[in-house]
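I have placed the structure first, in the form of structure tokens, so that the comments after it can refer back to it.
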Amino acid sequence: MITMAYGPSSVVGEVLRNEQAAAIVRRYLPGLQSELMRVQCMRGTLEQVTGFVPDIRTDPATREALYSELAAVEATTHIPAAQTDAPLPPSPDYESSDVPRGSAALIKRTHSTRWRTFEVELHGPAHGNPYTDVILSADFRLGERNLTAQGFYDGDGVYRIRFMPDEEGTWTFRTSSNARSLDGVVGDVHCGPAAGEDHGPVRIHGFHFRHADGTRYLPIGTTAYAWTQQGDALEEQTLRTLASSPFNKLRMCVFPKSFVYSTGEPPQYPFAGSPDDGWDFLRPNHAYFRHLEQRIAQLAELGIQADVILLHPYDRWGFSDMGAAADEHYLRYLVARLGAYPNVWWSLANEYDLMWAKDTADWHRFATLIRENDPHGHPISVHNWVELWDNSVSWVTHASIQDSPAEITEWRSRWRKPVLIDECGYEGDIEWGWGNLTPQELVRRCWEGVVRGGYVTHGECFLADDDVLWWAKGGVLKGESHARLGVLRKVLDELPIDVDGIDPLPGDFDLLMGGVEDRYYLIYFGHMQPRRRTVSLRPGTRYRADVIDTWNMTITQLPDTYEGTFTLPLPGRPYVAIRLQALEE
């Protein structure tokens, strides 16, 4: 125990340990009574927290009164747990000089196919802490090409190096390591043509996406943050639900989540240790990460991209504030484990601006580390709570935003990158406004986002006796929006094959329109319910017209064809769209 003065730099969680100080803080910041605010603010300083609470942020006199009262409290607090120190650099003497170089047992396949995960398995030393004491990589060569993949320790003397061959032919490899037995191991793998529906990792293509082989990818996503920490029965149910859903992207966390409706302990933890005894952040629990990668591989079998959230603030275990050395060690380890899976995206954080222990330089450092260690160049983003990230920086591949879709067109123009509204609110009936949208409103936001030239992610928060809400834990979908989003996916899948996606187009002041000029138009009326609509396009091209009832899930082709300025009959119901497709000459 130490005695100190409370002030702007005091961490909220430490202040709240003192009953007298806690009473003062709660009087000035009554929002801290709520479970949401407690979770979000416990690791922030008083200065950080008062900087975003509206009533006190704009009232310096009240802030000073808060600090003045706290200064009068005899402040006895716990010494914060020490963050993990940086490990010593791996030593070239990890194994003695009598150990033959390259003597580790090599277990590998001899064949792979394009864009499948290939693995080199080595059986080697296990003394000390191999997670930090051993560095391991392999250079994979095909002709003039050379890609370096990092290895990782997987427990019980087993080391793995994973690689995703992206070109047919015979790749050779040679390992490098400070451990003599792991250094200089050589081999090869013959890569054949891509199998089945393997199209390779997703790449950015202008404002949209295509797989590495050029196949178009149009994300219709959903969110189940902590689904991989729920036990086999519920996780398998989640996979069955996804298999019959329209979704081809899933936002998910690496670490457990502590928040409303997600308050239990996970079946296992990501690091050696326990909540009571603390954690050794430099000793990952390989069983935890094996389970995670198994679930990601199962998503790949379903054709679903795993948008993997590397860090998040909803944490009572300390994983959001491990210290710089442990953060970097964890990220290197995770990229080595997951980077050769074709369906992985990197999301540096969910709500980065609530991660009080990190600053802007940290996020740039993390991104640089990932780019240096990921030879396969997966998409990478940073997701906000309030403060938008500067998505113009070169390493950001696409914008991942928490907001409404209304500004998508402006953000596209600002950043010249794809825009995903990964959190626009959730269909459901919980008490908070972000989690009780009607299904009609969520579907409307998704359609609006697409017509504006972006993509919007689904989520669902329905109260349940077992506290299993899809947004947190997966399970089954209880709402009405997901089936309607199947219509949106069908419309996108039916775009002309050479069209990347929907781009915003100019229209009348009350007309939301996107597509490809003179070829394809998608018009969405949202809440409006016209019985007819006049549309003016450039003459010279004739179109067939479909009326899409996005709520009742019908697509009706009108009998006539249209050119120039024309008036279309409509059903006089909300949530209707028009699709205009140019007739081939």
Sequence-separation-based contact order of the chain, relative, with Cα cut under 8 Å and 6+ spacing, percent: 11 percent
Calculated diffusion of region 515-585, Stokes-Einstein form, Kirkwood radius summed over Cα pairs, 37 °C and 0.692 mPa s, µm²/s: 267 µm²/s
³J(HN,Hα), Karplus 6.51/-1.76/1.60, whole Hz, each residue of region 362-373, x for Gly, Pro: 4, 5, 5, 5, 4, 4, 4, 4, 5, 4, 5, 10
Distant alpha-carbon pairs in region 316-444 (separation over 19 angstrom), percent: 56 percent
Per residue solvent-accessible surface (Å²) - the chain, probe of 1.4 Å: 41 Å²
Cα-based convex hull volume of region 331-386 per residue, rounded to whole Å³: 75 Å³
Sequence ranges 163-173, 18-28, ranked by mean other-Cβ count within 10 angstrom, highest first: 163-173, 18-28
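Take the Cα atoms of region 48-175, build their convex hull, and give its volume per residue in Å³. Kindly include the intermediate steps, with their values, before the conclusion.
On the way: hull volume 30.0 nm³, N = 128.
Considering the Cα atoms of region 48-175, their hull volume per residue is 235 Å³.
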Gyration tensor (Cα) of region 107-265, equivalent ellipsoid semi-axes in angstrom: 32, 26, 13
Computed log₁₀ I(q)/I(0) - Debye formula, equal Cα scatterers, no solvent, region 467-538, q 0.18 Å⁻¹: -0.87
Carbon/sulfur fraction of accessible area - the chain, other protein chains in place, 1.4 Å, %: 49 percent
Centre separation in Å (Cα based) which lies between region 355-422 and region 545-585: 36 Å
Using θ = phi - 60° and Karplus 6.51 cos²θ - 1.76 cosθ + 1.60, couplings along region 146-156 (whole Hz; Gly, Pro as x): 9, 10, 9, 10, 8, x, 8, 8, 10, x, 6
Expected-Rg normalisation [2.2 N^0.38 Å, Cα atoms] applied to region 174-218: 1.87
All lysines inside 23 Å of LYS257 as judged from Cα atoms, apart from same-chain residues fewer than 8 positions distant: LYS249, LYS358, LYS473, LYS478
For the chain, calculated [θ]222 nm from helices alone, where every DSSP H run of n ≥ 4 adds -39500 (n - 2.57): -7000 deg cm²/dmol
Rg [Å, one decimal], Dmax [Å, integer] - region 408-546, C-alpha atoms: 17.1, 60
10 Å binning of all Cα-Cα separations within region 202-349, expressed as whole percents from 0 upward: 10, 40, 34, 14, 2, 0
Three semi-axes of the equivalent ellipsoid, region 118-178, Cα gyration tensor, whole Å, largest first: 25, 11, 8
Proportion of all alpha-carbon pairs of the chain beyond 33 Å (%): 50 percent
Accessible heavy-atom area order of ILE309, ILE497, highest first, probe of 1.4 Å: ILE497, ILE309
Calculated from backbone phi, Karplus (6.51, -1.76, 1.60) coupling profile of region 300-311 in Hz, x at Gly/Pro: 4, 5, 8, x, 10, 6, 9, 7, 8, 8, 6, 9
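The values are calculated or read from the model by the stated rules, or taken from the named source; none is laboratory data. Predicted, not measured: the structure shown is a model, and the values here were computed from it. For neighbour counting, all protein chains shown are included, and Cβ atoms are generated from backbone atoms with ideal geometry for every residue, glycine included. Note: accessible area is taken over every heavy atom of the protein model, side chains too, but ligands, DNA and RNA are not part of it. Shrake-Rupley method; radii C 1.70, N 1.55, O 1.52, S 1.80 Å.
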